[in-house]
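S.K.: I have a structure here, written as structure tokens, and I will follow up with some questions on it.
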Amino acid sequence: MHHCLNFESKLAPYFDTEKGLSRGQRVGHKISTNPTNSINSMNSTNPNRPKFIVDHNVGKLAKWLRMLGFDTLTFNGENDSDMVAIALKQDRVILTRDTEIMKRRLVTSGRLKAILIASEEPEQQIRQVVDTLALKDKFQPFILCLECNQPLVEVSKQEVEGRVPPFVFKTQNDYMECPVCHRIYWKGTHWLAMTRKVEKLLKG
């Protein structure tokens, strides 16, 4: 995606298309998430916007951060050293509830940034991250696929014909698509719910 939409026009998912389908093939169920896809993330060149890698014990944070426009990987591996290596190589902040990771020399020396998440509740977790890193001025909501962490691209109404429910096609004109999983995004009921969540974070 080459530009950031105004907040009032952000898109959020309401209907999903199955990964790998060609244009014109329509399905009515959500895609399944392949954990390996999360490692194929976009390249971020803005040093003022932190990138993240989310440990499996706080996995729900990934969708929250992607919703806010932050490049976020999920780590579901068994070896924490692999997560540390990815974070170090890609300059990512580790989010975890594992106290042992916080004791690693790379973290205690300040070479690698990690945040020990205190709460088990996702909304409290995202608030902790936002407050700790002062992210409120860095929100770019709804520019990334919530499943694949890829930048969404604008697509025409004609391109989604037959790939969204008839009522949606009739009532909506603006669409975005993930270039990897081909999930379609538009202003549906989830858009309202998610914009309320963003507004709540901004006010908090």
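The values are calculated or read from the model by the stated rules, or taken from the named source; none is laboratory data. Just so we're clear, the structure is a prediction, and the values are computed from it rather than from any experiment. As a convention, Cβ positions derive from the backbone with ideal geometry for all residues, glycine included, and neighbour counts pool all protein chains shown.
S.K.: Determine whether Gln125 is in contact with a Cys (Cβ under 6 Å, 6 or more places away or on another chain) and surrounded by 15 or more Cβ atoms within 10 Å (Cβ to Cβ).
M.R.: no
S.K.: Surrounded by 14 or more Cβ atoms within 10 Å (Cβ to Cβ) and either in a loop (DSSP other than H, G, I, E, B) or of a type in the set (Gly, Ala, Ser) (or both), is that true of Val180?
M.R.: Considered against the rule, which asks whether it is surrounded by 14 or more Cβ atoms within 10 Å (Cβ to Cβ) and either in a loop (DSSP other than H, G, I, E, B) or of a type in the set (Gly, Ala, Ser) (or both), Val180 comes out as yes.
S.K.: Quick check on this structure: which one of Thr17, Thr45 is modelled with pLDDT under 90, in the same structural domain as Trp191 (by TED's automatic domain parsing) and either out of contact with any Phe, Trp or Tyr (no Cβ under 6 Å at 6 or more places or on another chain) or of a type in the set (Val, Ile, Thr) (or both)?
M.R.: The conditions single out Thr17.
S.K.: From the list Glu199, Glu147, pick out the single residue that is modelled with pLDDT under 95 and in a loop (DSSP other than H, G, I, E, B).
M.R.: Selected residue: Glu147, the only one of Glu199, Glu147 that is modelled with pLDDT under 95 and in a loop (DSSP other than H, G, I, E, B).
S.K.: Can you name the condition, by its number, that Val93 falls short on among (1) modelled with pLDDT of 95 or more; (2) over 18 Å from Asn149 (Cα atoms); (3) not in a helix (DSSP H, G or I)?
M.R.: (2)
S.K.: Something else now. Would you confirm whether any residue within the stretch 152-164 is surrounded by 21 or more Cβ atoms within 10 Å (Cβ to Cβ), within 27 Å of Phe75 (Cα to Cα), within 15 Å of the chain's Cα centre (by Cα) and of a type outside the set (D, E, K, R)?
M.R.: Yes, the stretch 152-164 contains a residue that is surrounded by 21 or more Cβ atoms within 10 Å (Cβ to Cβ), within 27 Å of Phe75 (Cα to Cα), within 15 Å of the chain's Cα centre (by Cα) and of a type outside the set (D, E, K, R).
S.K.: Then there is this: Among the residues of the stretch 82-125, count how many are touching a Lys or Arg at 6+ places or on another chain (Cβ under 6 Å) and closer than 11 Å to Phe52 by Cα.
M.R.: Total satisfying the criteria: 2.
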